1. Among B:Pro99, B:Pro53, B:Pro87, determine the one that fluctuates most according to a GNM of chain B built with springs between C-alpha atoms less than 10 Å apart.
2. Where in the range A:1-78 are there GluC sites (Glu not before Pro) that are in a DSSP coil and have at most 14 other Cβ atoms within 10 angstrom of their Cβ?
3. Leaving out same-chain residues fewer than 8 places away, which aspartates and glutamates sit with a Cα under 20 Å from that of A:Lys19?
4. Per residue of chain B, what 222 nm ellipticity follows from adding -39500 (n - 2.57) for every DSSP H run with n ≥ 4, rounded to the nearest 500?
5. In the range B:1-100, which trypsin sites (Lys or Arg not before Pro) fall in coil by DSSP and have 11 or fewer other Cβ atoms within 10 Å?
6. Once you keep just the Cα pairs under 8 angstrom separated by 6 or more residues, what percentage relative contact order results for the range A:2-75?
7. For the pair B:Lys102/B:Ala20, report the inter-label distance in nm, with labels modelled 7 Å from Cα in the Cβ direction.
8. Just which residues of the range B:113-133 lose 40 Å² or more accessible area with every protein chain there, against their chain alone, with the probe set to 1.4 Å?
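The values are calculated or read from the model by the stated rules, or taken from the named source; none is laboratory data. All values reported here derive from a predicted model rather than from experimental measurement. Note that each Cβ is placed from the backbone with ideal geometry, even for glycine, and that neighbours are counted across all protein chains shown. Heads up: the accessible areas ignore ligands, DNA and RNA and are worked out on the full protein's heavy atoms, side chains in. Shrake-Rupley method; radii C 1.70, N 1.55, O 1.52, S 1.80 Å.
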Amino acid sequence: MDILYFAWVRERIGLPKEKVETSAETVSQLVDELRAREERYEVAFSDLSALRVALDQELSDFDASLAGVREVAFFPPMTGG
Amino acid sequence: MKISVQKEPFDLGAEANAFAAGDTSNGAIVTFTGVVRDLVQGDLDMMEIEHYPGMTEKALTKIANEAQERWSLGDVLVIHRHGRLAPGDQIMMVATAAPHRKDAFEAAEYLMDYLKSRAPFWKKEITGESADWVAAKDEDEDALTRW
């Protein structure tokens, strides 16, 4: 599964994209796995209310299932316009 | 419908004229243009706009399709830039064409409200001393509840 990070999430984790082998069934479980890895992940994911998630390029939520998902992206609330 | 996510500047006049030309059933054209605003202190050097290639185009197309379902529109245009921009640079534009102005105005506002908090763009303000990601405002999220 590809995991993408944008804006300050990318900066805190220190990379824009990585491949992850995971058995996580939901986004929350994936986040828990990432947080347990290293402190930079723990810092980036410390406040989930400040984060948004997209599954295969569609906005989703942290309870969502990862079944069949190929691309997960984490980023802060968007500030376009 | 035209959706463009681009690094290059756009020519507002040329885009508006090309958009307005052609379909004589549209009596109303509304355009909105967003410009890089300097900070209160007046020390913004650059604004950097990051986006999510692939998702950005999909999100903008979805928002434009929803506007077309909701209002009687002849056409919709969305252009949004990314990369480094200077104060005064044009960031983005939307245009709507409709037989009547109420549809064109409302659809343009709807496009802007949704584009601000549902299209994956992030702004970073760069001054001589700092580089800060712009925080999303609650009022931008609240603006969606009126639709």
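1. So, out of B:Pro99, B:Pro53, B:Pro87, the one fluctuating most is B:Pro53.
2. Passing sites in the range A:1-78 are A:Glu21, A:Glu25, A:Glu38.
3. Cross-link targets: A:Asp2, A:Glu11, A:Asp32, A:Glu33, A:Glu38, A:Glu39, A:Glu42, A:Asp56, A:Glu58, A:Glu71.
4. Only helices count here, giving -10000 deg cm²/dmol.
5. On the way: sites: B:Lys2, B:Lys7, B:Arg37, B:Lys58, B:Lys62, B:Arg70, B:Arg81, B:Arg84; in loops: B:Lys7, B:Arg37.
Those satisfying the criteria are B:Lys7.
6. This gives 40 percent for the range A:2-75.
7. Taking the simple label geometry, B:Lys102 and B:Ala20 are separated by 2.3 nm.
8. Those are B:Lys116, B:Trp122, B:Lys123, B:Trp133, which lose 40 Å² or more relative to the chain on its own.
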